[in-house]
Each structure stands twice: as C-alpha cells, then as structure tokens.
Amino acid sequence: MPLGRFAPSPTGLLHLGNLRTALASWLSARAVGGGWIVRMEDVDGPRCRRELGEAQLRDLDALGLVSDVPVVWQSDRGSAYREALAALQAGDLLYPCLCTRKDLQTLASAPHAEDGLRPYPGRCRERDWEGFDRALRLRLPEGPVAWEDRLLGPQMDDPGALTGDPLLFRRDGCFAYHLAVAVDDGAKGVTEVVRGADLRPVTATHIRLQEALGLPRPAYAHLGLVAAPEGGRLGKRAGALGLEALAERGVSAEAVLGWLGWSLGCLERPEPCRAEDLAPRFDWRRVPPGEVRVPAAWA
C-alpha cells in the first residue's frame, strides 16, 4: 500500500510552510488510497522539546491530518539506529571523524556551489578506529545519483560534491538526521517522501545511504517553499504564523486549509474547506513548482 509521511522537528510551532508540506503529503497519499504517518524528528535532544511536538500534533489534528498509526518519536528509536551503524561498520562503510566544530567552520569558509552547501572533504577517512571518542561518517561511493522527482521531474546529483561523506553519529552521542531518516523511512515502509525544496540537495545522499543499508528507495517530491508576502524567508513578522496565531486574527482552520489547497492546485480560489474535500482533486501535475507567498493580510 502507498504510504506517505510528514516528519517535522519539534523545535517550534508549525508555520504555513510546514502545514503546506503536511497537507501535500497527506493529499498525495490519500488520492491513491494510501496511508499516512507522522514522525517526530527529535534526535537533536537539546533543541527538541516534547511539548512542542504535542502542539504540532494538535495543529495537524485541527486540519484533519491525523497519523494512521501511533506517532513515531525518533528519540525512542536509538536501538534501531545502533543496529544500522553496526551493519554499516561491518561493511567497512563507516570511519571516525575527529574534526572539531572549529575545523568544520574552517572547511565551510571556502566558497562552493550556488546552493551554499559545504561538502565534507573526507579529511578523516584514513583515521584508525582505536581510542577515539568519535563521530562517525559514511564513506560515500563516487558517482552521481539519478532519481525522478514527482514535482521537478528527472534529477541527478553527485552527493560527494554536495554534502561529502555525511555525519551519521555525533561526538555528543546523538544520531544524525541522515541516518535516522533513512532507517525510519525503511522501517515503516514509506513509499513517498514529500518535503520542501530546501531538502532536495540531500536526496542523493539519502539514496546512497538507503542503498548501503539495503533499504528500498521511496519516491520523492520537493515542494517550492512558502515565502513572506514580499518574498524571502518566512519570519515571525512575515508569515511564520501558526494556526493559533492565525485564529487570533480571525482566520479559521478551514480558511487555512482552503488557502493551502488552492496553493497546491486543488481549488480555483482560496475558500474554506475540509481536508477530505481536497483529496479527490489533488494531482501533482497541477501543483506549482515554485515558491508561494503568504497572503499579506496574514503576515
């Protein structure tokens, strides 16, 4: 059965960009009779708070977007991540990284690529395993990765040039984002990943990690971002409002759904509706690939 997922980090409240991604992933799954799950990406302990995750779930519930299974919290999944690291180590695909934060900042100071990513150059690839309080990186194979994006069409990237060898385990004992995402998508049988275009550059790296772990590759769709009314990044004073703040301005959850549905090509004009009204109208061919701007009245 097709299975989509929405995977926010509980570091703040959901804004319109997050909610648009959640709705798109839900609609894409429901339009083909598939399931949908929510996963809280809270492996970064110091920045993630359980109460914020619960608030995010309440907002999703207010829009009618409810996980078909109990919500997965990555902070409860440490044993699965350790097993994945052991499998990669057994295949000689990991190496210890002793680079400090200062080292990485120095490496990141060199100009690279229009997307602003700074690839890790592999300076620790030949380190010995013994005696280190170590971070762990994946030894990426060389060469480009091709995939089909449901919104953007055929894509091809060289993950080595974009991210370099990705960090999978941090020196502070936390499992890294790349590892947790690949393991959890595989464990739950996720068949489609819908997320913002800002995460498109890591897709090839995730595909390489899936291959290394023997996991199936999901389909991908990368949405254009939601921008402030005048363009540019959402901020507290420029459209990064959650449902509660919008409700205080007299904007109902149904009105938010109507605007989100319109922005995804499901409606001819923004008008209040319910999520289930939008599912039969969803089609990736009608979703605009570029950014969408928040209504000025909501900023």
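No lab work stands behind these numbers, since they all come straight from the coordinates. In this text the structure is predicted, and so the values were computed from the model without any measurement. Every residue, glycine as well, gets a Cβ built from its backbone with ideal geometry; the counts of neighbours run over all protein chains shown.
Separation of the stretch 1-56 and the stretch 137-166 by C-alpha centroid, Å?
About 24 Å separates the Cα centre of the stretch 1-56 from the one of the stretch 137-166.
If one takes the longest principal axis of the Cα atoms in the chain, at what angle in degrees, from 0 to 90 and to the nearest 10, does the Cα axis of helix 177-188 lie?
Around 70 degrees separate the two axes.
May I ask for the angle, rounded to the nearest 10°, between helix 203-213 and the longest principal axis of the chain, with both axes built from Cα atoms and the value confined to 0 to 90°?
Its long axis makes an angle of about 60 degrees.
Can you list the HN-Hα couplings for the stretch 7-16, worked out from phi with the Karplus curve (6.51, -1.76, 1.60; θ = phi - 60°), rounded to whole Hz and with x for Gly and Pro?
9, x, 9, x, 10, x, 7, 6, 9, 4
Show me the ranking of peptides 290-297, 277-284 by mean Cβ neighbours inside 10 Å, starting with the highest.
Output ranking for 290-297, 277-284: 277-284, 290-297.
If R0 is 41 Å, what FRET efficiency do you get for ARG82 and ARG150 from their C-beta distance, rounded to 0.05?
Efficiency, from the Cβ-Cβ distance: 0.80.
Taking the stretch 161-238, which GluC sites (Glu not before Pro) meet the DSSP loop condition and have no more than 14 other C-beta atoms within 10 Å?
Filter output for the stretch 161-238: GLU230.
Which one, ASP149, ASP42, ASP92, has the greatest fluctuation when you compute a Gaussian network model over the chain with C-alpha springs under 10 angstrom?
ASP92
When the Karplus curve 6.51 cos²θ - 1.76 cosθ + 1.60 is applied with θ = phi - 60°, which whole-Hz ³J(HN,Hα) does each residue of the stretch 291-299 get, with x for Gly and Pro?
6, 10, 9, 5, x, 4, 5, 9, 8
Measuring from label point to label point, each 7 Å out along Cα→Cβ, what is the ARG139 to ASP92 span in nm?
Here the modelled spin labels are 0.6 nm apart.
Using modelled amide H (1.01 Å from N, peptide plane; none on Pro or chain starts), what sits under 5 Å from the amide H of ARG137, excluding residues fewer than 5 places away?
Excluding prolines and chain starts, which carry no amide H, the hits are TYR95, CYS97, LEU168.
Tell me, what HN-Hα J-couplings in whole Hz come from the Karplus equation 6.51 cos²θ - 1.76 cosθ + 1.60 at θ = phi - 60° for each residue of the stretch 86-96, using x for Gly and Pro?
Couplings: 4, 5, 5, 5, 4, x, 6, 9, 10, 8, x Hz.
Principal axes first, then extents: for the Cα atoms of the stretch 77-223, list largest minus smallest coordinate on each axis, whole Å, largest first.
Cα spread of the stretch 77-223 along its principal axes, largest to smallest: 46, 38, 24 Å.
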